[in-house]
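A.B. asks: Input: one structure, supplied below.
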Amino acid sequence: MSLLSIRDLEVAFSTRGAPVRAVRAVSLDLAPGERIALVGESGCGKTTTMLAMMGLLPASATVSGQVLLDGTDILAGGETTMRPHRWTDIAMVFQGAMNALNPVRRVGAQIVEAVRIHGGSRQEGRLRAREVLDLVGLPEDAVSRYPHELSGGQRQRAVIALALSCRPRILLADEPTTALDVIVQDQIVTLLRQLSDSLGLAIVLVTHDLALVPRLCDRAAVMYAGSVVESAPCVDIVHSPRHPYTRRLVDATPDLAGERPLTSIPGAPPRLDGPLPGCAFQPRCGEAVDRCATIAPPLLQLAGGRSCACHLAEVVA
Ligand code: SF4
């Protein structure tokens, strides 16, 4: 049984003009301890999907669909239903470690506060702060440091420690390696993998960096214009992508072996405040056929635990 299931999630933001439909009929399943990546260009709906799962979208957002945790829809009752699960079942590592930490409070105090907000005592908070800082590989004295006294990599570890403070079963990680150098990036990815293995922690990783995905995740879902267009085991996404957009993403990822040329994706993603007739990727797709302009391709289930929303998916399969 899935630990977390998203069913037909839709998010629209009201604006002065037409509503912006940022997430469109997204469905995903996450098993205990599983690691899934949401991949795509900026603005494709990855972070909005994650924030909807946490019930953290602004008031201008209209959300529909289901987020089922152990089979119970935690979206259905609004904040009252969501609050008991936030941080204790589902926690989030926000993008930008410096912004996620309070700059004028010591790291340990921030962890103690998180524990106390969720019903723990100050003493339990202090013990937990030492535990989680040790778990993420920070030295003992990190507990009394301010965020500006830590390096970029240490700050990211502190943010992960804070997210683990209430022993969540699911960690949502939004671009956790952004703005870190490649060596520190590798250390953070290794840390997340170790934490997932040792704690049985399920992870949803949001990233635009396809190269990062196979190093951490089991499966990847590629998003375009608010929808999932392809989902598959990571090895298949990287080595035998079926959707033309995924292929373009792979071609746009630097290859250190130099075996293939680096190419960019032509054009820009569509506006999301109007109708998207046919396939949303059609204006940028070099493989489009006549029906792509008028008929939206359904997300087809393919062999090998894969799915793909492209009229050519079955032909390619
Ligand atoms: Fe390209 Fe058509 Fe497939 Fe869309 S449905 S990705 S336009 S081939």
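A.B. asks: Could you tell me, in Å, what Rg and Dmax come out for the Cα atoms of the stretch 149-229?
C.D. replies: 13.0, 43
A.B. asks: Something else: Which angle between 0 and 90 degrees, to the nearest 10, do you get for helix 152-163 versus the longest principal axis of the chain when only C-alpha atoms count?
C.D. replies: Computed tilt is about 80 degrees.
A.B. asks: Helix-only mean residue ellipticity at 222 nm, the chain, DSSP H runs n ≥ 4 weighted -39,500 (n - 2.57), per residue, nearest 500. What is it?
C.D. replies: Computed mean residue ellipticity for the chain: -8000 deg cm²/dmol.
A.B. asks: Another one. Between Ala109 and Thr80, what length in nm is gained on full extension when 0.36 nm per residue of separation is reduced by their alpha carbon distance?
C.D. replies: The Ala109-Thr80 span can extend by a further 7.8 nm.
A.B. asks: Let me ask something else about it. Using only Cα positions of the stretch 57-120, each an equal point scatterer, no hydration layer, compute I(q)/I(0) via Debye at q = 0.25, 0.27 Å⁻¹ and quote the log10 values to two decimals.
C.D. replies: -1.16, -1.21
A.B. asks: May I pose another question? For the chain, what does the relative contact order come out to in percent, with C-alpha contacts under 8 Å and a separation of six or more?
C.D. replies: Relative contact order comes out at 19 percent.
A.B. asks: FRET efficiency for Thr190 and Thr253, Cβ-Cβ distance as r, R0 = 22 Å, nearest 0.05?
C.D. replies: About 0.65, to the nearest 0.05.
A.B. asks: Further question: Can you tell me the 0 to 90 degree angle between the C-alpha axis of helix 107-117 and the longest principal axis of the chain, rounded to 10?
C.D. replies: 80 degrees
A.B. asks: Between Met1 and Asp273, what length comes free when the chain is fully extended (0.36 nm per residue of separation minus the Cα-Cα distance, one decimal in nm)?
C.D. replies: Value of the extension gain: 94.3 nm.
A.B. asks: Then there is this: Once you have a ≥ b ≥ c as the square roots of the Cα gyration tensor eigenvalues for the stretch 230-317, tell me rounded if a/c is under 1.5, and otherwise prolate or oblate according to whether a/b is larger than b/c.
C.D. replies: Oblate, because a/c is 1.5 or more while a/b does not exceed b/c.
A.B. asks: Test of understanding: ordering Thr15, Thr49 by Cβ neighbours within 10 Å, fewest first, what list do you get?
C.D. replies: Arranged by neighbour count, lowest to highest, Thr15, Thr49 become Thr15, Thr49.
A.B. asks: Taking 0.36 nm per residue of sequence separation and subtracting the Cα-Cα distance, how much length would be gained by fully extending the chain between Ala31 and Val289, in nm to one decimal?
C.D. replies: 89.2 nm
A.B. asks: A further question follows. Angle between the Cα long axis of helix 182-199 and the longest principal axis of the chain, 0 to 90 degrees, nearest 10?
C.D. replies: Once rounded, one gets 80 degrees.
A.B. asks: Taking N as the number of residues in the chain, what is its alpha-carbon radius of gyration divided by 2.2 N^0.38 Å?
C.D. replies: Rounded to two decimals, the normalised Rg is 1.03.
Quick note: the coordinates plus some simple rules give every number you see, no bench work behind them. Worth saying up front: this structure is predicted, and the values here are computed from it rather than measured. Neighbour counts run over all protein chains shown; Cβ positions are idealised from the backbone, glycine included.
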